[in-house]
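A.B. asks: Structure below; questions to follow.
Values quoted throughout were computed directly from the atomic coordinates according to the rules given, and no laboratory measurement underlies them. Here the structure is a predicted model, which means the values were calculated and not measured. Note: ideal-geometry Cβ built from the backbone for every residue, glycine included; neighbour counts use all protein chains shown.
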Amino acid sequence: MKSKALSFIISCFLLSLTSCEVNCNDNTYDWRLPFSVSPMKDTLLVGDTIHVVSEFGKVWDRGNQRHYELEDYDFFPIMEITDIGDTLEQNPADQFDLIPTAHAGGWLVENGLYVLRYSYDDDLYRLAYLVVMKDTGRFLLSNGSQLLSNHRGRQEFDGKCRRVGATAHGALAHPDSANIQMLEDSPDPHYHDWVLQKPQQRFHEFAGFAFYVKPR
């Protein structure tokens, strides 16, 4: 029995770069996509520009608590800016301009939701875009992923466990400066109640960043 177990471990070790993991289970891969936002101020002026960057080589999997090297993987990143100070539906084009850079691409899917794309060069993933604010109000900037939708999380990669999918969430640098307290003043119960019931899962895991925009 011991010899069989040893043979299995050795076989997995030899095949680890292609298809075998000793600790495979039914858990989902949960990639963490790092984002930085600047300036991280609570108040901006109309016409100010927000710079957003996501850059990484190896990607962190929270489920297995380890980094993975993924080659030209599609994370299906999304960006959304929501006016959380107004319960009336607004036209995003009247409130801000999105300017993708670093070959990020970008197209509007629905109210305030944009699908982006990472560039992949020299084993480095990079996504960068600018947001120019055109209207006043209280806003929430979120960065996440549609990886779990429509079986997109079934992409293959070296060492992937069979029958295990993947999802992805944003991770904002300096989350203590994300101004989450601003959600308390939102007239929409979705933000001042539902989101704040579970702030980690419903705000921070989307790289949430709240801010005011005032007249110049």
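A.B. asks: Could you order the peptides 89-98, 135-144 from most to least packed, using the average number of other C-beta atoms within 10 Å per residue?
C.D. replies: Result, highest mean first: 135-144, 89-98.
A.B. asks: Between residue 24 and residue 72, how high is the FRET efficiency from 1/(1 + (r/R0)^6) when r is the Cβ-Cβ distance and R₀ = 25 Å? Nearest 0.05.
C.D. replies: It comes out at approximately 0.60.
A.B. asks: Further question: Find how much the distance from residue 119 to residue 49 grows on full extension, using 0.36 nm per residue of separation minus their present alpha carbon separation; answer in nm with one decimal.
C.D. replies: Gain in length upon complete extension: 23.0 nm.
A.B. asks: A further question on this structure: Quick one: if the Förster radius is 35 Å, what FRET efficiency do residue 201 and residue 58 give, using the C-beta to C-beta distance and rounding to 0.05?
C.D. replies: Taking R0 as 35 Å, the efficiency between residue 201 and residue 58 is 0.90.
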